[in-house]
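Let me begin by presenting the structure, written as structure tokens, before commenting on it.
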Amino acid sequence: LCTDLEVADNGALTGKTDGPICIDQHKRVAVKNLAHEKGIRLDHSYAYGNHHSDIPMLETVGHPAAVEPTSRLYKKAVQKGWPVLTFR
């Protein structure tokens, strides 16, 4: 799942997005839609994020993890008891 880019008639990228930017609530909706289409149980699914804009998506799955998180995501992960992975 990602942000789709707008492509001009000549095949060049326009610098604009084609649809919503895949962050925050839009990412949550995209994950839920994909799970519905593919018959995936989100309560059994794993996801990771590194930015606080990933929080809505991480709250959607049964096994979230924060990897090298921003401070806001780190605080949320600690509050929720999610694993925090750092490699520095």
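Average accessible surface for the chain: 71 Å² per residue, computed with a 1.4 Å probe over protein heavy atoms with every protein chain in place.
Stretching the chain fully between His44 and Glu59 yields a gain of 4.1 nm (0.36 nm per residue, less the alpha carbon separation).
Helix content alone sets the calculated 222 nm mean residue ellipticity of the chain: runs of n ≥ 4 DSSP H residues at -39500 (n - 2.57) each, divided across all residues, give -9500 deg cm²/dmol. Here each label is just a point 7 Å from Cα along the line to Cβ, and for Ile21 and Ser71 those points are 2.1 nm apart. Taking the chain as the reference, fit the longest principal axis to its C-alpha atoms, fit the long axis of helix 24-38 to the helix C-alpha atoms, and give the angle between the two in degrees, 0 to 90, nearest 10. Result, in degrees: 80. Of the residues Cys2, Cys22, the one with the largest accessible area comes first in the ranking Cys2, Cys22, computed with a 1.4 Å probe on protein heavy atoms. Axis angle, to the nearest 10 degrees, between helix 71-80 and the longest C-alpha principal axis of the chain: 50 degrees. For the chain, the convex hull drawn through the C-alpha positions has a volume of 122 cubic angstrom per residue. Annotation: Lys80 carries an accessible surface of approximately 100 Å², with a 1.4 Å probe and no ligand, DNA or RNA atoms counted.
Taking all protein chains together and a 1.4 Å probe, the residues Thr86, Thr60, Thr14 rank Thr86, Thr14, Thr60 from largest to smallest accessible area.
For the stretch 34-59, backbone nitrogen atoms closer than 16 Å to the point 7 Å from Arg88 Cα along Cα-to-C-beta are found at 50-52.
The values are calculated or read from the model by the stated rules, or taken from the named source; none is laboratory data. Predicted model, so just to flag it, every value in this text is computed and none were measured. Don't worry about glycine lacking a Cβ; one is built from the backbone with ideal geometry, like all the others, and counts go over all protein chains shown. To get the accessible areas, we keep the full protein, side chains included, count just its heavy atoms, and leave off ligands, DNA and RNA. Shrake-Rupley method; radii C 1.70, N 1.55, O 1.52, S 1.80 Å.
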